[in-house]
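Enquirer: Next up is a structure, given as structure tokens.
The values are calculated or read from the model by the stated rules, or taken from the named source; none is laboratory data. Nothing here was measured: the structure is a model prediction, and the numbers come from that model. As a convention, Cβ positions derive from the backbone with ideal geometry for all residues, glycine included, and neighbour counts pool all protein chains shown.
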Amino acid sequence: MGPVSGVLTQSLGLVLGFGLAILLGGVLVYDLTQQRHSVLRNFPIIGHFRYGLEQLGEYFRQYFFAGDREELPFNRATRSWVYREAKNEGGAIGFGSTNDRREPGTVLFINHPFPVLEEDRLPTPPLAIGEGACDQPFLARSVVNVSAMSFGAISQPAVQALSRGAGMAGCWMDTGEGGLSPYHLEGNCDLIMQIGTARYGVRDPDGAFSNDKAREIARSVRAFEIKLSQGAKPGKGGVLPGTKVTAEIARIRGIPEGRDSISPNRHPDIANVDQLLDRICSLRDLTGRPVGVKTALGDDRFMIDLCEALARRGAQDAPDFLTIDGGEGGTGAAPQTLMDHMALPIAEALPIAVDALRSAGLKDRVRVIASGKLVTPAKVAWALCTGADFVHSARGFMFALGCIQAMRCHTNTCPTGVATHNRRLQRGLVVEDKAERVANYVRSLNREIDMIAHSCGCRHARELGREHVRIVETPNRSVPLNILHPDR
């Protein structure tokens, strides 16, 4: 290095050092004079490390510190299983399970001493929804289906991949309350159109229900679902931050661009069970399609009121299906207070709903769809044993799309492109590849649910009952589900 180069290097070092000193001096003055953060006033400059580590902590825990079965809302073992199945890599493991079978709430299936032979197995049959109650009933082929995720809450390529994957696998896709977009139609899959409290997609310019739009949408969907509430935030409507309300989303929903999309906390014209049944009947007559209801349960009151009303009015007025959403459900944005403490978990809510319908003689009339962290074959099989006819999953399919549980759904900064409208971030979600993963996930779930059924001595999954599963109550002591919740 020559003399000139040495002088330049030394000068550059002095300039950088001087600049760094000015920067740190500015931060020092700011920290000492600001009044919002006590830590920074008492420990200027170094106090910033505390806030940085706090922000990064949830991500470091996920990869370095938390055990395979420790994380919430979904642990690493569960996420890894979905990833492997979505990539068609198989769900086999070696040496032993990390699942603690002594943990209260653990599901244990009762293996039959003489399981069903290959040649005696039967395909799990489809079930009709709305048969005998509407002009165009819906034959549902898959036990597992895509739960409600609105275009807006999730991105365009995510909707496209889900639609195409659902079409390949033969399951249905719920639109969510954000309306029907062109991207839902791409995969030619069976669609259930959800009508939320804001009536997005079926509202007129004044926000009132539009019969004409409902009839038009009925040409493209298999059924309608009236959303009363969802498990993650019962008593509060949908929330889509204005940063995610693009011009296209605003047009589909019929709302202003760039402004927060906040739905009412209930349907203004549905204040009791009879008004709900009136709306179901009118929508079914208007469209000819099956009509169901989605709700979370806080106790058995809603089911009692529903069954008593149907005893007066007749089974013909019943919803064609009920989607029971557990309080552990997820969403793109909701107050933590509601997420943490509102509504019953699916393990308690599902038996309440099924038992009420059975007692009223309505179980064959009303199909039951269970929802709430049911992303693995064991959880789905438990739901079938309890009495569900179908299962909805949202976050399971988000994992199939590549979600890494960054928990940024409400910020428009989802790093995998699933829940953001940032085009640069969406680039990471390749529709063709992720559609295959969605289809693989559905096929794998249905296949392994059947595997559980065969091990229990059933020819197919719809033969599973409460006598086939036990629930751990205390360490090393489990109780049959039909003892905890006797069949009615």
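Enquirer: Is the range 310-319 home to any residue that is farther than 12 Å from L228 by Cβ and buried (at least 21 other Cβ atoms within 10 Å of the Cβ)?
Expert: Within the range 310-319, one or more residues are farther than 12 Å from L228 by Cβ and buried (at least 21 other Cβ atoms within 10 Å of the Cβ).
Enquirer: Also, quick follow-up: Which of (1) in contact with an Asp or Glu (Cβ under 6 Å, 6 or more places away or on another chain); (2) under 20 Å from S147 (Cβ atoms) is the odd one out, the single condition N482 does not satisfy?
Expert: Of the numbered conditions (1) in contact with an Asp or Glu (Cβ under 6 Å, 6 or more places away or on another chain); (2) under 20 Å from S147 (Cβ atoms), the odd one out for N482 is (2).
Enquirer: Could you please give the count of residues in the range 365-396 that are charged (D, E, K, R) and modelled with pLDDT under 95?
Expert: Here the count works out to 2.
Enquirer: Could I ask something else about it? Contact list please: Cβ distance under 6 Å, first residue in the range 243-269 and on the phi > 0 side of the Ramachandran plot and in the same structural domain as A198 (by TED's automatic domain parsing), second residue surrounded by fewer than 20 Cβ atoms within 10 Å (Cβ to Cβ) and in a strand (DSSP E or B), pairs at least six apart or on different chains.
Expert: G254/R203
Enquirer: For the range 402-438, which positions are charged (D, E, K, R) and not in a helix (DSSP H, G or I)?
Expert: R408, R427
Enquirer: Right, next: Restricting attention to the range 410-445, and to residues there that are basic (K, R) and under 20 Å from the mean Cα position of the chain (by Cα), which single residue is farthest from G187 (Cα to Cα)?
Expert: Here the residue is R443.
Enquirer: (1) of a type outside the set (A, V, I, L, M); (2) modelled with pLDDT of 95 or more; (3) surrounded by 23 or more Cβ atoms within 10 Å (Cβ to Cβ): which one isn't true of G361, the others all being true?
Expert: All conditions are met except number (3).
Enquirer: To continue, here is another question. Checking the condition of a type in the set (S, T, N, Q) and buried (at least 24 other Cβ atoms within 10 Å of the Cβ), which residue from T420, T474, T413, T376 passes?
Expert: T420
Enquirer: Moving on to the next point. Out of (1) of a type outside the set (S, T, Y); (2) farther than 23 Å from A140 by Cβ; (3) surrounded by 18 or more Cβ atoms within 10 Å (Cβ to Cβ), what's the single condition that is false for P268?
Expert: Only one criterion in (1) of a type outside the set (S, T, Y); (2) farther than 23 Å from A140 by Cβ; (3) surrounded by 18 or more Cβ atoms within 10 Å (Cβ to Cβ) is unmet by P268, namely (3).
Enquirer: Among the residues of the range 477-486, count how many are loosely packed, with under 13 Cβ neighbours inside 10 Å and within 18 Å of A349 (Cα to Cα).
Expert: Total satisfying the criteria: 2.
Enquirer: While we're on this one: Please enumerate the residues belonging to the range 446-464 that are in a loop (DSSP other than H, G, I, E, B) and under 25 Å from the mean Cα position of the chain (by Cα).
Expert: Selection gives L464 alone.
Enquirer: Criterion first (surrounded by fewer than 18 Cβ atoms within 10 Å (Cβ to Cβ) and closer than 30 Å to Q316 by Cβ) does P256 satisfy it?
Expert: no
Enquirer: Let me ask you something else. Restricting to the range 372-400, and then to whatever is within 13 Å of the chain's Cα centre (by Cα) and in a helix (DSSP H, G or I), can you tell me which residue is farthest from G165 (Cα to Cα)?
Expert: R395
Enquirer: Would you check if L108 is modelled with pLDDT of 95 or more and not assigned by TED's automatic domain parsing to the domain that holds D433?
Expert: Against the criterion (modelled with pLDDT of 95 or more and not assigned by TED's automatic domain parsing to the domain that holds D433), L108 qualifies.
Enquirer: Next question. Just give me the residues in the range 232-260 being farther than 19 Å from I324 by Cα and modelled with pLDDT under 80, in sequence order.
Expert: Answer for the range 232-260, where residues must be farther than 19 Å from I324 by Cα and modelled with pLDDT under 80: V239, L240, P241, T243, K244.
Enquirer: Tell me yes or no: at least one residue of the range 50-64 is in contact with a helix residue (DSSP H, G or I) (Cβ under 9 Å, 6 or more places away or on another chain) and at pLDDT 70 or above.
Expert: Yes.
Enquirer: Within the range 424-438, is there a residue that is in contact with a Ser or Thr (Cβ under 9 Å, 6 or more places away or on another chain) and small (G, A, S)?
Expert: So far as the range 424-438 goes, yes, one or more of its residues are in contact with a Ser or Thr (Cβ under 9 Å, 6 or more places away or on another chain) and small (G, A, S).
Enquirer: I've got another one for you. Output the residue which, of all residues in the range 168-193 that are in a helix (DSSP H, G or I) and without any contact (Cβ under 8 Å) to a residue 60 or more places away in the chain, is surrounded by the fewest Cβ atoms within 10 Å (Cβ to Cβ).
Expert: Applying the filter and picking the extreme gives P182.
Enquirer: Let me ask another. Just checking, does the range 277-284 include any residue being surrounded by 19 or more Cβ atoms within 10 Å (Cβ to Cβ), at pLDDT 85 or above and either polar (S, T, N, Q) or under 25 Å from the mean Cα position of the chain (by Cα) (or both)?
Expert: So far as the range 277-284 goes, yes, one or more of its residues are surrounded by 19 or more Cβ atoms within 10 Å (Cβ to Cβ), at pLDDT 85 or above and either polar (S, T, N, Q) or under 25 Å from the mean Cα position of the chain (by Cα) (or both).
Enquirer: Look through the range 210-240, keep the residues that are surrounded by fewer than 17 Cβ atoms within 10 Å (Cβ to Cβ) and more than 22 Å from P182 (Cβ to Cβ), and return whichever of them is nearest to the chain's Cα centre (by Cα).
Expert: Here the answer is G235.
Enquirer: Sticking with this structure for a sec: Identify, please: which residue in the range 241-253 is under 22 Å from the mean Cα position of the chain (by Cα) and part of a loop (DSSP other than H, G, I, E, B) and is, among those, surrounded by the most Cβ atoms within 10 Å (Cβ to Cβ)?
Expert: Selected residue: V245.
For every residue, the table says whether it meets (1) touching a residue at least 60 places away in the same chain (Cβ under 8 Å); (2) in contact with a Phe, Trp or Tyr (Cβ under 6 Å, 6 or more places away or on another chain); (3) crowded, with 24+ Cβ neighbours inside 10 Å; (4) not hydroxyl-bearing (S, T, Y).
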site	(1), (2), (3), (4)
P113	no, no, no, yes
D120	yes, no, no, yes
P137	yes, no, no, yes
R141	no, no, no, yes
N145	yes, yes, yes, yes
A148	yes, no, yes, yes
G152	yes, no, yes, yes
S155	yes, no, yes, no
Q160	yes, yes, no, yes
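Enquirer: Please go through the range 169-186 and give me each residue that is among the small types (G, A, S), touching a Ser or Thr at 6+ places or on another chain (Cβ under 6 Å) and at pLDDT below 95, ordered by number.
Expert: G176, G178
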